[in-house]
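*Asks:* Starting off with a structure, shown below.
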Amino acid sequence: MLKKILKVAIDTPLDTTFDYRWNATSTESALPHVGQFVRLPFGRREVTGLILDVLDSSDVEESKLRNVIELRQQITPLAPEWIALCQFAADYYHRPLGEVALPGVPKHLRDAKTASIDRTLKKIRTQAAAPATAEPAPALNDDQRAAVDAIAGTRGFATHLLHGVTGSGKTEVYLNAAQAVLAQAGSSGQRAQILLLVPEINLTPQLEHHVRARFPQLNIATLHSQLSEGERLRHWLSAHEGYADIVLGTRLAVLASLPHLKLIVIDEEHDPSYKQQEGLRYSARDLAVWRARQLNIPIVLGSATPSIESWHHAGSGRYRKLSLTQRAVAHAALPRIGLIDMERNKAPDGLSPPLISALRDRLAHGEQSLLFLNRRGYAPVMHCDACGWISNCRRCTAFMVLHKPERRLRCHHCSLELRVPVSCPTCGNVDLQPLGRGTQRVEEYLQILFPDARVLRIDADSTRRKGSAQQAFDAVHRGDVDILLGTQMVAKGHDFQRLTLVGVINPDTALFSQDYRAGERLFAQLMQVAGRAGRAAMQQDRHSEVLLQTRYPQHPLYRALLAHDYAGFAETTLEERRSAGMPPFIYQALLRAEAKTLGAALEFLQSARNLLPHDGISINEPVPMTITRVAGAERAQLLLESASRAQLQAFLKPWMQSLRALKTRLRWSLEVDPVDI
Ligand code: ADP
Ligand code: ZN
Ligand code: ZN
């Protein structure tokens, strides 16, 4: 009987591969292959492993080797390039390969019985695109044409930074570049697949609609976290087996298996959502660039407000810059931006008189308005005037947020929920006051102010039900909404046609954040939300407008915003980073620890700091995190910095091994290229 040893990766925190014995049986026709999945006994469980190597012998003692339960042979093995991508991510972010490669693979593929995989495969093979005529494409303007030609004319690897002002028609560039790349491959008898990433799940339907309307003959697959397991299996397999021509998705799609990948597009490349904030803390954008280089294909990073590091690379010539300087639609213009000085304008309910009269003007003309307030709930905190009680979360160093319609106090950090107390828990005072304001409170005020207006709030609370966010955005697009109010969910990407006013309610808090990236993030967010206004052609006597309520109208960030001057803002920011020695001029990693006491967390980090010699790496003193306690755990962090990425990586590898060898009970994790410090 034929015997083989399979070296496999398993989704477990143990940073090693595992050997198993495979015996040929009559039911299995072929030998196992690298890149196939196997069902395995692991401890007392049965798990799925990915075959990394097929060998004739093992270093593991014969008696300790266990047998493979089942080999999955009906799907094409994962390609070596895909395994190499996962291996790179595992090495770079210092996680076990199994934790990178397996979680992204559909659950049904890992667990389901052979029959259901066969059924799905059959469905994919026989699936024919619906016959339909393609929606006509607008004639590209010169900027767009130049961008498409540059991308489609690329031979081999290149990163294109597509800097296009909001409404400049970046989507058209992506679609035309995709079409050109598919056509080029087709004319030389090759297959091609295109990967298109968007930062938010709510932006996938809009893009999917455009792609399907333009390319009704193509197979489109989507990958994001809200698919059912059945859908996920179908879409993943469609990409993996090479049926999907275009794959649309959120950050997790960067790890999709795409055997014929020829072009990658990252829309809104600056968006923080491309960074995964737990588990494997990867940057989908950075992995995508690596993947394009590995496959020797072009990649497009698009944004109206590129990340500072991408702008830096464009400046140094590492990325190729393509610019779209004007709005694509004729007679659509960038909105006028105005500041409302809140030292002079009183706004007891959050909206200043100039903003209210601008809203009134839009209502009178049947135009839509958007109010942006990046704080959900009714009020960020409740307070007792009599004794000073305040709604602290008992498990976190944070306030419990008042959610009035739900009559709940909720902690946004640990999800603790309490009924709103009828009286003060300390002194019994029945007159508890909400302090500050969130979207629910502004919604309430808008209804009083404009009783006949159709007000719609969109935030994480109003869109909990599956599909409800889509319904809400559809209502806005249909024109069933006069005033749209929301958090960052409404700020990005959407191509609203009837919106002519954007009001920004309280952006100032981010000006004074500890985080060195806060300014960059605020500027991008404001420019993006401003960019939702005036996207369609307007009559001559009307114009679109953005009004920003601030106490700091002289702040340089706002001055740059008024002038729509992204480049100026980016250059100033780069200069500041250069002189302060911050990324992208240096490289960072962050070790975080959680313990029952802050002392224990700090002590662990202090010992980590002294574990190994670290020439060329500076390791700062451990410090408590800004929100120190979350869900009862005290948290601290240790920042590592180096002028050399390679040097930092070379240090991290043995350091992580030493840290794992400590086998501490306390929870810790490493983040490479951290974005929140
Ligand atoms: P961006 O992503 O750059 O903010 P979009 O891709 O959403 O912009 O395009 C903005 C609007 O411009 C869309 O309504 C789109 O249909 C339109 N558009 C794009 N290119 C052209 C063009 N060449 N001619 C006319 N309209 C265009
Ligand atoms: Zn009280
Ligand atoms: Zn809490």
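*Asks:* Do we find that V173 is among the β-branched types (V, I, T) and without any contact (Cβ under 8 Å) to a residue 60 or more places away in the chain in this structure?
*Replies:* no
*Asks:* Now, a different point. Considering each of A536, A475 in turn, give the residue that is more than 21 Å from P354 (Cα to Cα), at pLDDT below 95 and in contact with a strand residue (DSSP E or B) (Cβ under 9 Å, 6 or more places away or on another chain).
*Replies:* Criteria check complete, one pass: A536.
*Asks:* What residue, of R110, R21, R119, R95, is closer than 28 Å to H260 by Cα, of a type in the set (K, R) and not in a helix (DSSP H, G or I)?
*Replies:* R95
*Asks:* Tell me the residue from S310, S357 that is more than 23 Å from R498 (Cα to Cα) and in a helix (DSSP H, G or I), please.
*Replies:* Within the list S310, S357, the selection yields S310.
*Asks:* For the condition away from ligand 1 (no atom under 16 Å from the Cβ), over 31 Å from the mean Cα position of the chain (by Cα), of a type in the set (A, V, I, L, M, F, W, C) and crowded, with 17+ Cβ neighbours inside 10 Å, what is the one hit in V481, V381, V420?
*Replies:* Being away from ligand 1 (no atom under 16 Å from the Cβ), over 31 Å from the mean Cα position of the chain (by Cα), of a type in the set (A, V, I, L, M, F, W, C) and crowded, with 17+ Cβ neighbours inside 10 Å holds for just one of V481, V381, V420, which is V420.
*Asks:* Which residue is farthest from L435 (Cα to Cα), if the candidates are limited to segment 390-407 and must be aliphatic (A, V, I, L, M) and away from ligand 2 (no atom under 16 Å from the Cβ)?
*Replies:* Within segment 390-407, the match that is farthest from L435 (Cα to Cα) is A398.
One line per residue, one yes/no per condition, for (1) among the aromatic types (F, W, Y); (2) touching an Asp or Glu at 6+ places or on another chain (Cβ under 9 Å); (3) within 16 Å of ligand 3 (Cβ to nearest atom):
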position: L416; (1), (2), (3): no, no, yes
position: R419; (1), (2), (3): no, no, yes
position: V422; (1), (2), (3): no, no, no
position: T426; (1), (2), (3): no, no, no
position: A453; (1), (2), (3): no, yes, no
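*Asks:* Please identify the pairs in which a residue from segment 294-309 that is more than 13 Å from I266 (Cβ to Cβ) has its Cβ atom under 7 Å from the Cβ atom of a residue that is away from ligand 2 (no atom under 16 Å from the Cβ) and of a type in the set (G, A, S), counting only partners at least 6 apart or on another chain.
*Replies:* Q294/A84; N296/G156; A304/G164; A304/G531; T305/A524; I308/A570
*Asks:* Could you grab me the full set of residues in segment 266-282 that are over 22 Å from T166 (Cβ atoms) and crowded, with 22+ Cβ neighbours inside 10 Å?
*Replies:* Y282
*Asks:* Give me the residue from segment 173-203 that is closer than 20 Å to H240 by Cα and part of a helix (DSSP H, G or I) and, out of that set, nearest to ligand 2 (Cβ to nearest atom).
*Replies:* The residue in question is A178.
*Asks:* Might you let me know whether segment 444-465 holds any residue that is of a type outside the set (A, V, I, L, M, F, W, C) and at positive phi?
*Replies:* Looking through segment 444-465, none of the residues is of a type outside the set (A, V, I, L, M, F, W, C) and at positive phi.
*Asks:* Could you check, for segment 82-90, whether at least one of its residues is within 19 Å of P41 (Cβ to Cβ), in contact (Cβ under 8 Å) with a residue 40 or more places away in the chain and surrounded by 14 or more Cβ atoms within 10 Å (Cβ to Cβ)?
*Replies:* No, the conditions are met nowhere in segment 82-90.
*Asks:* Pick from segment 148-172 the residues that are surrounded by fewer than 20 Cβ atoms within 10 Å (Cβ to Cβ) and among the charged types (D, E, K, R): which of them is nearest to ligand 2 (Cβ to nearest atom)?
*Replies:* Top of the filtered list is D149.
*Asks:* When you go through L78, L50, L40, L31 one by one, which is the residue that is of a type in the set (A, V, I, L, M, F, W, C) and surrounded by fewer than 15 Cβ atoms within 10 Å (Cβ to Cβ)?
*Replies:* Of L78, L50, L40, L31, the one residue that is of a type in the set (A, V, I, L, M, F, W, C) and surrounded by fewer than 15 Cβ atoms within 10 Å (Cβ to Cβ) is L31.
*Asks:* Right, here's the next one. What are the residues in segment 192-241 that are surrounded by fewer than 19 Cβ atoms within 10 Å (Cβ to Cβ) and under 14 Å from S257 (Cβ atoms), if any?
*Replies:* E241
*Asks:* Additional query: Regarding segment 372-389, can at least one residue be identified that is more than 16 Å from ligand 2 (Cβ to nearest atom), part of a strand (DSSP E or B) and either among the hydroxyl-bearing types (S, T, Y) or on the phi > 0 side of the Ramachandran plot (or both)?
*Replies:* No, every residue in segment 372-389 fails to be more than 16 Å from ligand 2 (Cβ to nearest atom), part of a strand (DSSP E or B) and either among the hydroxyl-bearing types (S, T, Y) or on the phi > 0 side of the Ramachandran plot (or both).
*Asks:* Looking only at strands (runs of 3 or more DSSP E) that lie completely in segment 520-633, which have at least 1 residues being within 19 Å of V675 (Cα to Cα) and under 25 Å from the mean Cα position of the chain (by Cα)?
*Replies:* Passing ranges, in order: 587-595, 623-630.
*Asks:* If I filter segment 429-438 for residues that are within 16 Å of ligand 2 (Cβ to nearest atom) and closer than 27 Å to V490 by Cβ, do I get at least one hit?
*Replies:* Yes, segment 429-438 has at least one match.
*Asks:* Separate question: Does R327 satisfy the condition of being more than 16 Å from ligand 3 (Cβ to nearest atom) and part of a loop (DSSP other than H, G, I, E, B)?
*Replies:* It is true that R327 is more than 16 Å from ligand 3 (Cβ to nearest atom) and part of a loop (DSSP other than H, G, I, E, B).
*Asks:* Report whether or not A491 is among the small types (G, A, S), crowded, with 20+ Cβ neighbours inside 10 Å and touching a Leu at 6+ places or on another chain (Cβ under 8 Å).
*Replies:* Taking the combined requirement at face value, the residue does not satisfy it.
*Asks:* Check L355, L373, L334, L402 and return the single one that is under 28 Å from D482 (Cβ atoms), within 16 Å of ligand 1 (Cβ to nearest atom), crowded, with 17+ Cβ neighbours inside 10 Å and aliphatic (A, V, I, L, M).
*Replies:* From the options L355, L373, L334, L402, the qualifying one is L334.
*Asks:* A follow-up question, please. Out of everything in segment 496-543 that is within 16 Å of ligand 1 (Cβ to nearest atom) and surrounded by fewer than 16 Cβ atoms within 10 Å (Cβ to Cβ), what residue ends up being nearest to D474 (Cα to Cα)?
*Replies:* Q497
*Asks:* Residue under question is G338, and the condition is that it be assigned to a loop (DSSP other than H, G, I, E, B) and within 30 Å of R454 (Cβ to Cβ); does it hold?
*Replies:* Judged against the criteria, G338 is not a match.
*Asks:* Scanning for something without any contact (Cβ under 8 Å) to a residue 40 or more places away in the chain, crowded, with 16+ Cβ neighbours inside 10 Å and more than 23 Å from H331 (Cβ to Cβ), does segment 556-570 turn up at least one residue?
*Replies:* Within segment 556-570, one or more residues are without any contact (Cβ under 8 Å) to a residue 40 or more places away in the chain, crowded, with 16+ Cβ neighbours inside 10 Å and more than 23 Å from H331 (Cβ to Cβ).
*Asks:* Considering every residue within segment 59-72, establish whether at least one is within 26 Å of R291 (Cα to Cα) and surrounded by 15 or more Cβ atoms within 10 Å (Cβ to Cβ).
*Replies:* Within segment 59-72 (the criterion being within 26 Å of R291 (Cα to Cα) and surrounded by 15 or more Cβ atoms within 10 Å (Cβ to Cβ)), the answer is no, since none of the residues qualifies.
*Asks:* How many of the residues in segment 301-316 are of a type in the set (V, I, T) and within 13 Å of P584 (Cα to Cα)?
*Replies:* 1
The values are calculated or read from the model by the stated rules, or taken from the named source; none is laboratory data. Since this is a predicted model, take the numbers as computed values, not measurements. Every residue, glycine among them, receives a Cβ derived from its backbone with ideal geometry; neighbour counts consider all protein chains shown.
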